[in-house]
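A short write-up of the structure that comes next.
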2 protein chains.
Amino acid sequence: MSRVEISAGKLRGLLRLADDEGRFRMMAIDQRGSLKRMIKKVTGRDVTYEDLAQIKKLIVKVLSPYSSATLIDPGYGYPIAAKYLPAEVGLLLAVEETGYLASGTGEKERKTRLLEGWGVEKVKRAGADGVKLLLYYRHDGSPEVVEHQQAIARTVGEECAYYDIPYVLEIVAYPFREDEDKDSFAYAKRKPKLVFDYVAEFAKPEYKVDVLKVEFPADLKYCKEYADGAFDGVKREPAYELTEVEDFCREVTRLAKVPWVILSAGVGIEEFLEEVEIASRCGASGFLCGRALWKYCVDFYPDLDAVEQWLETGGAENFRKLYAASEAAIPFWDTDVFKGFPNLMLQGAGPDWYKDYHGFGDR
Amino acid sequence: MSRVEISAGKLRGLLRLADDEGRFRMMAIDQRGSLKRMIKKVTGRDVTYEDLAQIKKLIVKVLSPYSSATLIDPGYGYPIAAKYLPAEVGLLLAVEETGYLASGTGEKERKTRLLEGWGVEKVKRAGADGVKLLLYYRHDGSPEVVEHQQAIARTVGEECAYYDIPYVLEIVAYPFREDEDKDSFAYAKRKPKLVFDYVAEFAKPEYKVDVLKVEFPADLKYCKEYADGAFDGVKREPAYELTEVEDFCREVTRLAKVPWVILSAGVGIEEFLEEVEIASRCGASGFLCGRALWKYCVDFYPDLDAVEQWLETGGAENFRKLYAASEAAIPFWDTDVFKGFPNLMLQGAGPDWYKDYHGFGDR
């Protein structure tokens, strides 16, 4: 079997994002717009920088120790949370601006923007272990929007290679056609293909992605075995059966080649646990879970003691369940690109490694 | 109390070099010349790249999981050991060429050289958590040598600030005068002042040092309480008493201001344990221990199984003793520069942190 070579920064970074077993058990607390809306709903007033910073600090302080890595935003999150993230937990920093630029068909398509005054270079200098880019994506969107999104993904990939730091690309499809509504049979039915299309696209070597963070390739609420209202009491017309959903996950694994993790996309924890369990036994390498993990703590805001108490009990319990659900996840070094730990090797290992390894200067 | 600000890369790096308690329990396996000589003594033949790489790999694999951070050289050590260093263990990479350039008075003085084709920039890109420079130093040396050594220390300090990565400066005095012999009453008597002089020099802010790695400021073999041959059976004329030695350590703490750790300089483990215990209760923040920890394993070379077995038993036992001996060490955030964890703060923390934090471009 031939050795698979990996550069020093990418190797160290991937090991740090994963746990000792090579599985990604990651937490996301890089929400900005969506967290603001959650806080506003509870407090009924305008949300300040302090509101966001306080909640993010507590979530990092209490829950990040359970994670193999934590994803934070550089605006509200990292400045305050920096010293509370344990050294043994990997640090992922986001590079995109929150939200999107409405574009294309009826202004219903989405263009990602990079956060101004920030970037891969600063993420690397700050000592993070990985870069995360959130990309809204519809392969069947307007060519102009599709090209824009692909170009951003490519640019960040090149920057990550240059700075030698892992690239976690998060991709999220969205409804934009006339007949599409997020909670609809039509969209649920279309979901697997939307995910396959973007995974196939961004698995191409030109994007230099190290870990794909993608949606569950189905809507479990429309899966026959759960369609009787298992998660929210609402009965729905089934769009597929569980065995088909498992095949969808296997197809993602086949297309991705690089390790992939699933994102929680705001679903409830019970639904996400099912998704993690199914994805893990069908080839995923873990999860990167945000709101499903901690969202209930916001209900207690601004009572910070109560927020903390919920995180220490309910939040921690969610994390324990997520570990159990992802037990069968594939260690990243066992995925198609790496083919096993014994195979893993530093690029150019040998007496001249340090001479050949390049710095930032020779782009 | 005023906040102490620290940059993102330095904060993350220091947290990673220390353990959860803020203490440095570090292992050094960056030996090149001295390890080569040890292997040659055992095998009686010329030492190859493979010899060094094999032993280093085993030491990293078995002992680094016990360390808060491991110091490795980029030539023989890191290329092979990279994937065996656990993600939760900090990575320190050395930047100097092994040995020194004989210079000055009777060619008995020492000039440090940086390893060609390597440097702080590459250390940062490779994903390490800190840079280590070994500096031979006599404050009373020839002006030309003294200036050369200070200039190198200053350059590396500037590079570390630029790349935002912790700077661990290791300083070692050496005998070079007519009346000096390493194992002599005269040199033992002179030792405290030699250490004070270099600590006072390199504690100056212009060197931008984050952690000082220094010698124990006395020769315990010449300390009254141990001078009856406690470590090697050789009786010696006492040069000082234990209470004085404790004062020497406190003086190092006072002069250093930044956290300091002691190095093992090839002494036996029993002697080093005493040194760590004394230094820890007098203000040191831990140790960076090399040969004292693992040197006996070399005796079994080239029987790799026996080497590994010794490391798993004797080596691990040494590490456990070192933890106990350093129980009173001062967490780095409680040293003079930081004044307590609550005080620690990201430089420029706030909504504009990510904009103000600079990348590598604007030197």
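Both the radius of gyration and Dmax for the range B:174-302 are 15.0, 46 Å, in that order, over alpha-carbon atoms. Within the listed set A:111, A:122, A:221, the residue fluctuating most in the Gaussian network model of chain A (springs between alpha-carbon atoms under 10 angstrom) is A:122.
Here B:68, B:34 are placed in order of increasing Cβ neighbour count within 10 Å, fewest first, which gives B:34, B:68.
Of all chain A residues, the one whose Cβ lies closest to the rotation axis that maps A onto B, given with that distance rounded to whole Å, is A:88, 2. Projecting the Cα atoms of B:105, B:205, B:285 onto the dipole axis of the range B:4-351, where Lys and Arg carry +1 and Asp and Glu carry -1 at the beta carbon, places B:205 farthest toward the positive end.
Counting other C-beta atoms within 10 Å, and keeping those with at most 15, which DSSP coil GluC sites (Glu not before Pro) do you find in the range A:301-357? Of the GluC sites (Glu not before Pro), the ones in loops of the range A:301-357 whose Cβ has at most 15 other Cβ atoms within 10 Å are A:327. Our coupling estimate for the range A:270-285, obtained by passing each phi through the Karplus curve with A = 6.51, B = -1.76, C = 1.60 and θ = phi - 60°, is 5, 5, 5, 4, 4, 4, 4, 5, 5, 4, 5, 7, 10, x, 6, 9 Hz, Gly and Pro reported as x.
Indicate the gyration tensor shape class of the protein assembly as shown (rounded, prolate or oblate), computed on the Cα atoms with a ≥ b ≥ c the square roots of the eigenvalues: a/c under 1.5 is rounded; otherwise a/b larger than b/c is prolate and the rest oblate. The shape class here is prolate.
When only alpha carbons are used to place a centre, the range A:292-360 and the range B:209-251 end up 45 Å from one another.
Label-point spacing for residue B:266 across the identical copies (point 7 Å from Cα in the Cβ direction), in nm and ascending order: 6.6. Counting other Cβ atoms within 10 Å as a rough exposure proxy, the listed residues B:70, A:335 run A:335, B:70 from fewest neighbours to most. Comparing A:198, A:301, A:78 in a Gaussian network model of chain A (Cα springs below 10 Å), the most mobile by mean-square fluctuation is A:301.
Quick one: how many lysine pairs does the range A:75-179 have with C-alpha atoms less than 21 Å apart and a gap of 8 or more or different chains? Give me the count, please. Lysine pairs meeting the criterion: 6.
Using a/c under 1.5 as the rounded threshold, could you call the range A:76-216 rounded, prolate or oblate? The axes a ≥ b ≥ c are square roots of the C-alpha gyration tensor eigenvalues, and prolate needs a/b larger than b/c, oblate otherwise. In terms of gyration-tensor shape, prolate. Extension gain, residue B:305-residue B:246: 0.36 nm per intervening residue step, less the Cα-Cα distance, totals 17.1 nm. Using bins of 20 Å that start at zero, the share of Cα-Cα pairs per bin across chain B amounts to 29, 61, 10, 0, in whole %. Summing charges over all other residues whose Cβ lies under 13 Å from the Cβ of residue B:3, with Lys and Arg as +1 and Asp and Glu as -1, gives +1. Take residue B:355, move 7 Å from Cα toward the beta carbon, and the resulting point lies 4.7 nm from the same point in each other copy, nearest first. Springs between alpha-carbon pairs under 10 angstrom, Gaussian network model over chain B: which of B:74, B:143, B:217 fluctuates most? Fluctuation is largest for B:143. Sequentially through the range A:26-33, phi angles give Karplus couplings (6.51, -1.76, 1.60; θ = phi - 60°) of 9, 10, 10, 9, 9, 4, 10, x Hz, Gly and Pro residues having no value and appearing as x.
Distances between copies at residue B:33, taken between label points 7 Å from Cα along the C-beta direction, are 6.1 nm in increasing order. Highest average first, the peptides B:235-243, B:280-288 ordered by how many other beta carbon atoms sit within 10 Å of their residues are B:280-288, B:235-243. Note: relative contact order over the range A:4-346, using C-alpha pairs below 8 Å and six or more positions apart, is 19 percent.
Rounded to the nearest whole Hz, the Karplus-based 3J(HN,Hα) values (6.51 cos²θ - 1.76 cosθ + 1.60, θ = phi - 60°) of the range A:169-184 follow the sequence 9, 9, 10, 9, 7, 7, x, 9, 7, 3, 8, 9, 9, 3, 9, 9, with x at glycine and proline.
Every number in this text was worked out from the coordinates using simple rules, so none of it is lab data. Note that the structure is a prediction, hence the values are computed from the model and not measured. Please note: Cβ atoms are built from the backbone with ideal geometry, for glycine as well, and neighbour counts cover all protein chains shown.
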